[in-house]
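**Q** Okay, handing you the structure first.
The values are calculated or read from the model by the stated rules, or taken from the named source; none is laboratory data. Here the structure is a predicted model, which means the values were calculated and not measured. Every residue, glycine among them, receives a Cβ derived from its backbone with ideal geometry; neighbour counts consider all protein chains shown. Areas reflect the complete protein model, heavy atoms only, side chains present, ligands, DNA and RNA absent. Shrake-Rupley method; radii C 1.70, N 1.55, O 1.52, S 1.80 Å.
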Amino acid sequence: MTFTIPIDNGDALKNAEADSQRTLYPYVTGTSIVAIKYKDGVLMASDMGGSYGSTLRYKNIERVKAIGKHSLLGASGEISDFQEILRYLDELVLNDNMWDDGNSLGPKEVHNYLTRVMYNRRNKFNPLWNTLVLGGVKNGEIYLGMVSMIGVSFEDNHVATGFGNHLARPILRDEWRADLSFEDGVKLLEKCMRVLLYRDRSAINKLQIAKITEEGVTVSQPYSLKTFWEFQAFHNPTAGAQGSW
Amino acid sequence: MFRNQYDTDVTTWSPTGRLFQVEYAMEAVKQGSAAIGLRSRSHVVLASVNKAQSELSSHQRKIFKVDDHIGVAIAGLTADGRVLSRYMRSESINHSFTYESPLPVGRLVVRLADKAQVCTQRSWKRPYGVGLLVGGLDESGAHLYYNCPSGNYFEYQAFAIGSRSQAAKTYLERRFKSFNESSREDLIKDAILAIRETLQGETLKSSLCTVSVLGVDEPFHFLDQESIQKVIDTFEKVPEEEEDGGEAEAEAAAAPAEQGGAGDQDVAPMEM
């Protein structure tokens, strides 16, 4: 005689062990993404680090990927959720290509699809723990937008996630122009990434800049920025401090 | 078409490889009043004949807006047509909601065709008894499709379905090569002239037809009676005699071959 013992998992919201299928906190995370529109399209910069809490554990993670012919997706936050999103988009792009009818998903469509996914997951209390940046060019129209893990979504001329919001966007607000050339755009992004490198503890000095134009996507080889540590304040940081604090 | 022992079920093949129930469904399309579609590179015009059950009643709606960029004209069982229009509107709006972008008409007609095919392969269903002329836009411009009860769909430059549509088809066959480059106004005029062909001598009035237009920069909408009457006035005053003679012969040849061409009293009340 067999019988099953009913297990009462309790109210999922109150009981900590209940329903281990929901995302409660992120484990391996990527830090900021900074992206701008420029004359011919969109430039997106990210570093290649994956932090495991306060440990900089992974140093070769590509956090910017091409989606279809017309879009670029960058993600900060939980890396495994980013990989899951890439799988969803893979399927989306595959089905779109299989139609083989001259129509294709542009950046606006991908952005809205992602917004729907993120918002619906948030409503189920099982979010994809990412802030996504979606940029692209289709039929001459340059598009740049962002979706957060709670489904907040908007478009802008320049976007940044995480620490980038606090450190990079003020620079971009002052110095961004609609007619930036490729070189000027890269210089502007490098300026933002350098500030992030100095001040964000989860940033590493190994970054990639991706470009998307009507012609297609190019992701640069990883490279590092020149930094300067000979400021007086860095030599003897506690010189002015009194007492044990 | 005569009754035979293979035509009771939609899931029974005949020895010659035909599904009679599906073919009978296509006959229902021929019973409905005419619907016409034509397209240029940038515009699609859908037109239909307004037939009313009796003088006391109003005419049935045969053209439906599916979205700003897609319209559909039906012929056959209008109830089936309404249900399919609702399906198309639903698919269109779901796509717009998820992607903030209009559903390409080519993808909509495939879904519609697949839906119709299901009814040809289930013993507890029957095929939809309505033909649909779907006009719409996608990234490559304007398109016109015809969806059959069989689950097939075809793309057309111009097409006509329903009773006495052969007359309209003959008219369109003579001119379709120029439609791609036609202006919007010429396209509308050709649609109304094609409608006139199906009336077989009855005077063309704006109350007898419904005309709708959609284009790359023009959302789907119906033309009002005044605009239609204005177009009719441009040609109704000067009847084209040489063409009338040619058309009468073409109609006489087509009529015996066509069902429902003789008398409207044979049309079942549910078909319009």
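**Q** Condition check: farther than 29 Å from A:Leu188 by Cβ and not in a helix (DSSP H, G or I). Does A:Gly102 satisfy that?
**A** On the way: farther than 29 Å from A:Leu188 by Cβ: yes; not in a helix (DSSP H, G or I): yes.
For A:Gly102, the condition - farther than 29 Å from A:Leu188 by Cβ and not in a helix (DSSP H, G or I) - is met.
**Q** Next question, about the same structure. Taking region B:22-63, which residues are of a type in the set (Phe, Trp, Tyr) and open to solvent by less than 10 Å² (accessible area, probe 1.4 Å)? Working first, answer last.
**A** Going residue by residue through region B:22-63, those that are of a type in the set (Phe, Trp, Tyr) are B:24.
Those that are of a type in the set (Phe, Trp, Tyr) and open to solvent by less than 10 Å² (accessible area, probe 1.4 Å): none in region B:22-63.
**Q** Here's something else I'd like to know. Which condition breaks for B:Asp186 when tested against (1) crowded, with 19+ Cβ neighbours inside 10 Å; (2) away from every other protein chain (no Cβ under 14 Å); (3) not hydroxyl-bearing (Ser, Thr, Tyr)?
**A** The one condition B:Asp186 does not meet is (1).
**Q** Among the residues of region A:80-127, count how many are within 14 Å of chain B (Cβ to nearest Cβ), closer than 21 Å to A:Ile212 by Cβ and aromatic (Phe, Trp, Tyr).
**A** Residues in region A:80-127 being within 14 Å of chain B (Cβ to nearest Cβ), closer than 21 Å to A:Ile212 by Cβ and aromatic (Phe, Trp, Tyr): 2 in total.
**Q** Among the residues of region A:41-66, what is the count of those that are among the aliphatic types (A, V, I, L, M), closer than 30 Å to A:Asn103 by Cβ and over 14 Å from the mean Cα position of the chain (by Cα)?
**A** From region A:41-66, those among the aliphatic types (A, V, I, L, M) are A:42-45, A:48, A:56, A:61, A:64, A:66; that's our starting set.
Now drop any that are not closer than 30 Å to A:Asn103 by Cβ, which leaves A:42-44, A:64, A:66.
Next cut, over 14 Å from the mean Cα position of the chain (by Cα) only: A:42.
Qualifying residue count for the region: 1.
**Q** Quickly run through region B:123-141 and pick out the residues that are surrounded by fewer than 22 Cβ atoms within 10 Å (Cβ to Cβ) and either touching a helix residue (DSSP H, G or I) at 6+ places or on another chain (Cβ under 6 Å) or within 25 Å of B:Phe222 (Cβ to Cβ) (or both).
**A** Applying the first criterion (surrounded by fewer than 22 Cβ atoms within 10 Å (Cβ to Cβ)) to region B:123-141 yields B:123-126, B:138-141.
Result: B:Asp138, B:Gly141.
**Q** Give me the pairs, please: first residue somewhere in region A:91-108 and touching a residue at least 24 places away in the same chain (Cβ under 8 Å) and of a type in the set (Lys, Arg), second residue anywhere and assigned to a loop (DSSP other than H, G, I, E, B) and open to solvent by less than 70 Å² (accessible area, probe 1.4 Å), beta-carbon distance under 9 Å, and either six or more positions apart or on two chains.
**A** The qualifying pairs are A:Lys108/B:Ser101.
**Q** Taking the residues in region B:84-102 that are among the aliphatic types (A, V, I, L, M) and under 16 Å from the mean Cα position of the chain (by Cα) as candidates, determine which candidate is nearest to the other protein chains (Cβ to nearest Cβ). Write out each step before concluding.
**A** Step one: filter region B:84-102 for residues among the aliphatic types (A, V, I, L, M), giving B:84, B:88, B:93.
Of the ones still in play, those that are also under 16 Å from the mean Cα position of the chain (by Cα) are B:84, B:88.
On the way: B:Leu84: 21, B:Met88: 17 Å.
The extreme case among them is B:Met88.
**Q** Given the residues A:Lys211, A:Lys187, which is the only one that is in a strand (DSSP E or B) and within 30 Å of A:Lys108 (Cβ to Cβ)?
**A** Details: A:Lys187 fails: in a strand (DSSP E or B).
Exactly one of A:Lys211, A:Lys187 is in a strand (DSSP E or B) and within 30 Å of A:Lys108 (Cβ to Cβ), namely A:Lys211.
**Q** Something else: Could you please find all residues in region A:172-184 being of a type in the set (Ser, Thr, Tyr) and not in a loop (DSSP other than H, G, I, E, B)?
**A** Within region A:172-184, the first condition is being of a type in the set (Ser, Thr, Tyr), and the residues that meet it are A:181.
Within region A:172-184, none qualify.
**Q** Of all the residues that make up region A:117-144, how many are basic (Lys, Arg) and crowded, with 17+ Cβ neighbours inside 10 Å?
**A** Just the residues of region A:117-144 that are basic (Lys, Arg), to begin with: A:121-122, A:124, A:138.
Then drop every residue that is not crowded, with 17+ Cβ neighbours inside 10 Å, which leaves A:121, A:138.
Selection size over region A:117-144: 2.
**Q** Also, I was wondering about something else. Give the residues of region B:103-152 that are part of a helix (DSSP H, G or I) and more than 14 Å from chain A (Cβ to nearest Cβ), sorted by residue number. Can you show your working first?
**A** Taking region B:103-152 as the starting set, the residues that turn out to be part of a helix (DSSP H, G or I) are B:105-118.
B:Leu112, B:Lys115, B:Ala116, B:Gln117, B:Val118, listed by residue number.
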